[in-house]
Every structure is written in structure tokens, then in C-alpha cells.
Amino acid sequence: MANLKDIQRQIKSVSNTQKTTRAMKLVSTAKLRRAEELAKRSRLYAAKMNQVIAEIAGRIKCNKVGGIDNRCFEKIENPKVVDIIFVTADKGLCGGFNIQTIKATKKLISEYKEKNVKVRLRGIGKKGIEFFKYNEVELFDSVVGLSSKPDKVKSDDFIIASIEDFKDGKIDAVHLVYNGYKNIITQELHVNKVLPVDADQFECEEVQSSILEIEAQDEEHMLESLVNRYVQYNMYYSLIDSVAAEHSARMQAMDTATNNAKEMVKSLNVKFNKARQAAITTELIEIISGVESMK
Amino acid sequence: MDKLKLEILTPNGEIFNGDAVSVTLPGEEGEFGVLAHHASLSTLLEAGVIDIEKEDKSVESILINWGVAHVNEEKVIVLVEGAVAIRGDSESAVAKALEDAKKLINDIADSGPAIASVSARIESAARKLI
């Protein structure tokens with residue numbers, strides 16, 4: 001039988017852990033609410049952005065001979081160099097949240113490696129960066145601190161390098177891997193190809209009767225400017241989505257941890273009571289046998 | 001008077017959604033006004049001030065740093081990158097909005113002469129409110 005004091009100490013330590021995990025869960029719940037709200041508001045922008053870009057791109061595609069003359073909308077058959085951007089959290093203790101993203105990234109890398117395509121890996125978030133550094137996978141560049149506090153300006157600065165390289169023809173595709181928020185208990189892994197933009201999704205629309213004539217060149221110029229913003233926005237959205245997902249994952253992980261600690265305290269209490277009973281029984285036997293021997 | 005529906009959205013959420021009598025937008029090729037039933041058009045906007053005239057004749061000014069306007073007969077959708085609405089219930093709220101607006105202007109490093117006129121305009125818009 002374990003020592004009574006030892007068990008008591010163990011119970012105390014486990015209930016302290018439980019307190020910590022519960023506090024972390026509450027913090028995550030509060031943060032999740034805010035992050036979720038932000039993501040929700042931002043989705044409105046995404047919907048309108050898609051609508052505007054689809055309309056303009058569709059118009060150019062269908063009305064202009066030769067379609068859209070922009071590298072961002074071309075289909076690139078045999079890519080030589082591709083960018084893979086992954087977004088993980090800066091902190092752990094959130095279940096399988098980070099490892100899922102890492103696994104998906106690894107899979108994508110090996111797929112490209114098989115086809116002899118050079119991969120430039122760009123990382124956001126400490127956990128993913130640490131993982132790839134530890135495994136000696138070369139990172140093209142990396143940012144820490146952006147995934148826990150998404151900032152539009154910083155995220156724009158980060159993605160613009162990829163956009164410029166893509167337009168210059170240095171790279172042939174840009175992929176974005178992140179774990180997004182689906183609902184409070186599930187996260188959804190996204191592996192998105194942000195560049196080139198798939199032009200097939202744009203459909204020809206009927207020309208509205210009231211449309212003001214605009215020079216085709218103007219529209220192309222507009223599309224050029226829009227596609228930059230579109231990709232930048234996608235990057236930013238993946239960051240806010242990832243934050244929401246991170247908090248929901250952490251909330252869940254901490255909830256499970258709290259429950260486990262509770263179970264553990266329960267079983268330790270049983271153990272403690274048993275040990276106490278055993279001690280009492282031993283003492284009683286000692287007394288009784290002492291009395292018996294005196295008879 | 002006819003009204004048009006106006007939506008102004010930033011990546012961080014809606015900044016204006018409602019009816020307006022007219023709206024003046026800082027287009028890339030010059031300022032233009034939109035009334036209800038305007039013909040469809042899409043155009044880029046540059047840094048400047050959007051003036052919204054509401055039904056009660058009051059004018060609300062919103063400073064933007066970049067945007068794209070999508071106009072059709074019923075609706076005007078403006079997608080902007082960064083925006084600050086010059087509004088507030090109290091003097092201090094207006095002053096704070098003005099400060100935010102100035103910060104946003106300073107972030108727009110390029111287009112030199114345009115900045116001066118924009119900051120003058122937001123100040124006069126703020127003065128009207130106080």
C-alpha cells in the first residue's frame with residue numbers, strides 16, 4: 001500500500017493541474033468568441049470580393065479575344081518551383097491542431113518532390129517552424145508571432161513576396177496550408193492553391209443593359225490590382241481563421257484534460273480511502289491482538 | 001427622393017450598411033458621385049474620402065486608403081482595405097476618429113499632394129460634427 005502522505009500529495013498536484021487546465025479553457029473560450037466574431041465579419045468581405053472578381057474576370061474572359069492576359073489566371077502545366085505557406089500556432093497544448101497542418105504540409109511537399117518540383121517552404125507560426133527545423137527541412141523564410149496576432153499589414157508584407165515572385169515567373173504556384181475553424185468542436189484543414197487563380201470558375205455573364213463602357217485595358221488593370229488584394233486577403237483570412245481554430249482546439253484539449261484530471265482525482269481518492277482503511281484495520285488488529293495476548 | 005443601398009466593407013467587417021441618397025467616391029480617375037439607379041460600373045478607388053449623403057441630409061465621411069467600387073442599379077458595394085468613419089456621439093469620440101484617420105493617412109506613404117487635401121477634408125468634416 002502506498003503511503004498515505006504520498007497519495008495526498010499526488011491528489012493535490014493533480015487538482016492543481018486541473019485548475020490550470022480549467023483556467024486555460026476559460027481563456028480560450030473567451031478568445032475564441034472574439035476570434036470567431038472577427039472571422040464571421042470578415043467572411044462578408046470575402047463573399048463580396050469573390051463576387052466582384054468573378055464578375056470582372058468573367059467579363060474579360062468572355063469578351064476579350066484570347067481571354068485574360070495575366071499570369072495569375074493562367075494554367076501552369078509543369079510547375080518548376082512552388083511556394084508552400086503553412087500556418088500553425090505559436091503555442092502548443094491544443095491537441096492535434098498543429099500536427100495536422102504539419103502532416104498536410106509534409107504530404108504536399110513529398111507529392112511535389114516526386115514530380116521533381118522544387119519547393120520553397122515559407123512558415124508562419126512557431127510550432128510548425130520548430131518542427132521543420134528539427135527535421136532539417138529547409139525553410140525559405142519564416143515568421144513568428146503573426147499567427148497568434150493576425151495583422152493585415154504584416155500579413156500583406158509576407159505574402160507580397162510570393163505574389164511578386166509569381167508574377168516575375170520565379171515560382172509557378174502558391175499553396176496555403178492551414179487549419180481553419182469549422183465549428184466549436186471541429187477544425188477543418190485547408191490546402192488551398194491561391195495562385196494561379198483558377199479561371200474556369202468564372203462564368204460568362206450576360207452583359208447588363210445599363211453597363212457603362214469601360215476600356216478593356218482599364219478592366220485588366222483593375223483585375224491586376226484586385227488579384228493582389230484578393231491573394232493578400234486570402235492570406236489574412238487564413239490567419240484569422242486559424243486563430244479561431246486554434247482557440248477552439250485548445251478549448252477542447254483543455255476540456256479533456258480537465259476531465260481527465262477529475263477522473264484521476266477520483267481514483268486517487270478511492271486509493272487514499274482504501275489506504276486509510278487499511279491503516280485503521282492494521283491498528284485495530286494490533287490493539288485487539290494486544291488485548292488478546294494479555295488474557 | 002430615391003435611395004440607393006450602400007455597403008462599405010473592410011477585411012475586418014462592415015463599416016457602413018444602409019440607405020443613402022447619394023455617395024461621392026474617390027475614383028482612380030477622379031471623384032465621382034453616384035445616385036440611385038446609376039448604370040453599372042466597377043472601378044478602383046484611391047486614397048480619399050467617401051461622402052455619404054443620407055436621407056436626413058446629413059453627410060457622413062469615411063476615409064479610405066484603397067478600394068474597389070461596384071455599382072449597379074440597386075446597390076453600391078465598396079470594398080476597402082482600411083477605413084475610418086468620421087463619426088461619434090461626443091466630441092471626444094469624433095476627436096478619436098480624427099486621430100485614427102490621420103494615422104491611416106500617414107500609413108499611405110505615396111501620393112503626396114493628394115494626402116494634404118484629404119487630411120484637410122477630414123478635418124473640416126470633423127469640425128462640422130463638433
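The values are calculated or read from the model by the stated rules, or taken from the named source; none is laboratory data. Computed from a predicted structure; not experimentally measured. Counting neighbours? That spans all protein chains shown, and the Cβs are built from the backbone with ideal geometry, glycine included.
Observations on the structure shown:
- Identity of the residue in the range A:1-37, more than 30 Å from A:ASN273 (Cα to Cα) and of a type in the set (Asp, Glu), that ends up surrounded by the most Cβ atoms within 10 Å (Cβ to Cβ): A:GLU36
- B:ILE64 vs. criteria under 23 Å from A:TYR233 (Cα atoms), in contact with a Pro (Cβ under 8 Å, 6 or more places away or on another chain) and touching a residue at least 12 places away in the same chain (Cβ under 8 Å): yes
- Residue within the range A:15-32 that is of a type in the set (S, T, N, Q) and closer than 27 Å to B:LEU44 by Cβ present: no
- The range A:145-190: number of residues that are more than 14 Å from the chain's Cα centre (by Cα) and among the basic types (Lys, Arg): 4
- Hey, B:VAL68 hydrophobic (A, V, I, L, M, F, W, C), at the interface with chain A (Cβ under 9 Å from one of its Cβ atoms), in contact with a Lys or Arg (Cβ under 9 Å, 6 or more places away or on another chain) and part of a strand (DSSP E or B) or not: yes
- Tallying residues that are buried (at least 22 other Cβ atoms within 10 Å of the Cβ) and more than 20 Å from A:ALA46 (Cβ to Cβ) within the range B:72-85 yields 1.
- Of residues in the range B:71-97 being part of a strand (DSSP E or B) and more than 15 Å from B:LEU4 (Cβ to Cβ), the one modelled with the lowest pLDDT: B:ILE86
- Test: residue in the range B:89-107 that is of a type in the set (D, E, K, R) and closer than 22 Å to A:MET222 by Cα: no
- Pairs where the first residue, in the range A:262-284, is surrounded by 12 or more Cβ atoms within 10 Å (Cβ to Cβ) and the second is outside any helix (DSSP H, G or I), C-beta under 6 Å, 6+ apart: A:ALA275/A:MET1; A:ALA278/A:MET1
- Members of the range A:241-261 that are surrounded by fewer than 14 Cβ atoms within 10 Å (Cβ to Cβ) and either β-branched (Val, Ile, Thr) or touching a residue at least 12 places away in the same chain (Cβ under 8 Å) (or both): A:THR256
- Of all residues in the range A:234-272, those satisfying the criterion of being farther than 24 Å from A:LYS126 by Cβ and not hydrophobic (A, V, I, L, M, F, W, C) are A:THR258, A:ASN259, A:ASN260, A:LYS262, A:GLU263, A:LYS266, A:SER267, A:ASN269, A:LYS271.
- The lone exception for B:ASP56 - which of (1) of a type outside the set (Phe, Trp, Tyr); (2) surrounded by fewer than 22 Cβ atoms within 10 Å (Cβ to Cβ); (3) within 11 Å of chain A (Cβ to nearest Cβ); (4) more than 12 Å from the chain's Cα centre (by Cα) it fails: (3)
- Flag for A:ASN63 being assigned by TED's automatic domain parsing to the domain that holds A:PHE202, modelled with pLDDT under 95 and surrounded by fewer than 20 Cβ atoms within 10 Å (Cβ to Cβ): yes
- Residues satisfying the stated conditions in the range B:3-17, i.e. at the interface with another protein chain (Cβ under 7 Å from one of its Cβ atoms), in a strand (DSSP E or B), buried (at least 18 other Cβ atoms within 10 Å of the Cβ) and not β-branched (Val, Ile, Thr): B:LEU9
- Put simply, of A:GLY128, A:GLY58 the only residue that is touching a residue at least 24 places away in the same chain (Cβ under 8 Å), touching a Phe, Trp or Tyr at 6+ places or on another chain (Cβ under 6 Å) and over 30 Å from A:MET251 (Cα atoms) is A:GLY58.
- Scanning the range A:25-75 for residues that are within 11 Å of chain B (Cβ to nearest Cβ) and among the β-branched types (Val, Ile, Thr) yields A:VAL52, A:ILE53, A:ILE56.
- Criterion violated by A:LYS40 - all others in (1) surrounded by 13 or more Cβ atoms within 10 Å (Cβ to Cβ); (2) under 30 Å from A:TYR112 (Cβ atoms) satisfied: (2)
- In the range B:81-94, the residues that are more than 9 Å from every other protein chain (Cβ to nearest Cβ) and either within 16 Å of B:PHE32 (Cα to Cα) or in contact (Cβ under 8 Å) with a residue 40 or more places away in the chain (or both): B:ALA83, B:ALA85, B:ILE86, B:ARG87, B:GLY88
- Pairs with Cβ under 6 Å, 6+ apart, first in the range A:222-240 and within 7 Å of chain B (Cβ to nearest Cβ), second among the aliphatic types (A, V, I, L, M): A:MET222/B:LEU44; A:SER225/B:LEU44; A:LEU226/A:ILE53
- Residue check for B:VAL23: surrounded by 16 or more Cβ atoms within 10 Å (Cβ to Cβ), within 21 Å of A:TYR45 (Cβ to Cβ), within 13 Å of another protein chain (Cβ to nearest Cβ) and at pLDDT 90 or above: no
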